[in-house]
Structures are given as C-alpha cells and as structure tokens.
C-alpha cells in the first residue's frame with residue numbers, strides 16, 4: 001500500500017542480518033497465500049539500526065509517516081527512541097501510526113514518548129489505527145520475503161487526508177477497532193488455545209475440528225451481541241463477518257502456528273482485551289458469557305511463553321486472586337475456574 005502511494009520505506013530494526021540484506025537487495029517480495037499464489041515485489045527499501053540515533057536524527061527530518069508493527073510490548077522502546085529524536089527536533093511534522101493488535105496503539109506509543117519528554121512536537125500527529133491481516137511465522141529462512149493472507153483491512157482515525165492507498169479513514173475508530181479485536185483477534189486466540197489443548201499445531205487444523213469451531217462461533221456470537229448493543233453494528237453484517245473469519249482461519253496455506261497466535265495470554269485476558277471486553281456488558285443484559293469464560297480459562301492453560309508459564313503454574317487460589325486483580329468480579333472468576341476444570 002505504501003509503494004502504491006509512492007511512499008519510500010526505511011525499516012528501523014535491531015537485527016543486523018535483516019538490515020544488511022535490506023541494504024544489499026533494496027527489495028523483497030510479498031507472497032499472498034491464495035490459490036493464484038500472487039506475488040508483489042516491494043522495491044526501493046532500505047534499513048537503519050534503531051541504535052543509530054545520529055542517522056535516525058537526520059532521516060526523521062524528511063519523513064511523512066512513522067509506522068510501527070512491533071507488538072504492544074515493544075512500543076515502549078520505540079517511544080524512548082522517538083523521544084530522543086523529538087528532543088533534538090521539536091518542530092517536526094509527520095503522522096505516527098502504530099499498526100498493532102491493540103486498542104489505542106498510537107495513543108499508547110505517544111504516552112511512552114511522554115514518559116521521558118515533556119511534550120511532543122506540535123506538528124506530530126499520533127493516529128490510532130485498526131489493522132487486520134494474518135502474517136504467519138512460516139517465512140522462508142534466509143530471505144526477506146513475507147507470506148501473508150490475501151484478506152486485509154487498515155482503518156485510521158484522522159481528520160486529515162493521508163493519501164495512503166488502501167487505507168479507510170474514519171473520524172471515530174472505536175467501533176471498528178473493537179469489532180476487529182473481538183471478531184478476529186479474540187476468535188484467533190481462542191482457536192489457538194483450544195487447538196493446543198486438543199493437540200493441534202496450526203490454526204487451520206484446529207478450526208476444522210467441529211467442537212472447536214462450535215466453541216469459537218459461540219464466542220463470536222457473544223461478541224456480536226456486545227458490538228450490536230454498544231455500537232449499534234448490524235447483526236447481519238456481524239454474522240457475515242463471523243463466517244468470513246472462520247473461512248480465513250481454515251486457509252491451510254497460512255500454516256498459522258497456534259503457539260504464535262496464543263502468545264502473551266495474560267495481556268489477552270485483560271478486561272478491555274479480545275477475550276474479555278464484552279463480559280460486563282453481557283452480564284448487565286442478563287446474558288451469561290459462557291464462551292468468553294471458556295476462552296479465558298483456555299488462555300490460563302497456555303504455557304509456551306513467559307506469561308503462559310506464570311499463568312499455567314498458578315494454583316487455583318493464586319489464579320483466582322490474579323483474575324480478581326485484573327478486575328473480574330467474583331461470579332465471573334468462579335465461572336472461569338469451572339470452565340477451566342472442564343478443559
């Protein structure tokens with residue numbers, strides 16, 4: 001999309017192997033995981049080490065956009081780097097768009113900047129965005145090429161035209177980003193957690209298990225009720241999105257790894273996150289969000305990263321206290337424990 005908008009890309013990273021190859025080849029290929037095996041060549045790119053502040057200080061004078069796709073936990077490091085650059089150049093003008101699987105990614109990045117800087121340049125706009133595209137880990141070693149699913153969505157909250165091809169501009173992002181977080185990311189994570197518990201390796205294997213598809217659709221239906229009540233999104237449109245999401249997950253070409261999708265389970269069960277966001281509202285409507293409870297329970301059994309090890313090794317009492325600390329009410333905590341014991 002940037003290439004089609006005549007935007008030159010400079011990648012900033014710490015991986016010297018990747019950076020050296022970028023600066024040698026100045027191009028890479030995106031392979032769409034569709035039946036036609038479509039390929040898109042991205043040209044005229046280069047890379048800079050994020051520790052090279054002197055070079056970044058020179059380059060940032062020329063940029064129109066700063067994009068991130070690093071994961072929520074890495075934004076604090078990006079913010080620290082930006083703070084150094086903004087301190088040197090208080091009159092910069094550009095847009096910052098954090099393309100992360102979280103609500104308010106760009107706002108969070110701005111807060112990380114402000115953790116070490118009194119104020120951001122008045123000409124720098126932090127624009128929250130919703131991005132939706134599955135990028136599996138099944139990339140070929142030793143190459144810059146990237147495999148992605150053909151389906152995508154990129155929505156940015158802005159009042160200023162960005163002139164980026166493929167970007168949908170809206171003045172209120174909240175309904176869109178929460179729809180994406182719940183209908184895609186929530187279902188994705190639940191599929192991964194159940195898949196691992198059933199011995200599956202990839203998302204497409206897991207979702208083809210009828211019992212897992214049934215549970216994931218149950219969670220999606222709960223999310224639909226929440227989105228319809230909270231944002232007046234049409235149930236018919238949400239039902240169509242549910243079917244589309246399930247079909248996306250069944251794409252065997254993705255080879256999307258359940259362990260990858262399930263990472264950072266403690267973050268993902270937060271009250272405003274993909275598995276839990278609708279619980280309080282549904283309870284207020286007299287609806288018991290059984291599948292949300294089941295999804296959270298499954299997340300607490302994930303043990304493939306540091307957060308997962310902490311959660312999965314907790315005693316029942318320790319887990320109850322952790323869920324209460326997160327903000328779940330006693331009734332919800334009890335139901336989550338009940339669902340956990342069934343898994």
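When 119, 151 are checked against the criterion of being under 29 Å from residue 256 (Cα atoms) and assigned to a loop (DSSP other than H, G, I, E, B), a single residue qualifies: 151. Buried (at least 23 other Cβ atoms within 10 Å of the Cβ), at pLDDT 95 or above, assigned to a loop (DSSP other than H, G, I, E, B) and in contact with a helix residue (DSSP H, G or I) (Cβ under 8 Å, 6 or more places away or on another chain): is that true of residue 293 in this structure? No; evaluated as a whole, the condition is false for this residue.
Considering region 246-272, and only residues there that are buried (at least 23 other Cβ atoms within 10 Å of the Cβ) and modelled with pLDDT of 95 or more, the residue that is farthest from residue 308 (Cα to Cα) turns out to be 249. Scan region 183-193 and tell me whether some residue there is part of a loop (DSSP other than H, G, I, E, B) and in contact (Cβ under 8 Å) with a residue 40 or more places away in the chain. No - not one qualifying residue is present in region 183-193.
So which residues in region 310-326 are under 26 Å from the mean Cα position of the chain (by Cα) and surrounded by 13 or more Cβ atoms within 10 Å (Cβ to Cβ)? 310, 311, 312, 319, 322, 323, 324, 326, listed by residue number.
The number of residues in region 307-323 being within 14 Å of residue 336 (Cβ to Cβ) and outside any helix (DSSP H, G or I) comes to 1. For the structure I just gave you, tell me whether residue 227 is within 21 Å of the chain's Cα centre (by Cα), under 23 Å from residue 256 (Cβ atoms) and assigned to a helix (DSSP H, G or I). No. Of the residues making up region 6-41, those that are surrounded by fewer than 14 Cβ atoms within 10 Å (Cβ to Cβ) and in a loop (DSSP other than H, G, I, E, B) are 6, 8, 14, 15, 26, 34, 35, 36, 37, 38.
The values are calculated or read from the model by the stated rules, or taken from the named source; none is laboratory data. Bear in mind that the values here come from a model prediction, so they are computed numbers and not experimental data. Note that each Cβ is placed from the backbone with ideal geometry, even for glycine, and that neighbours are counted across all protein chains shown.
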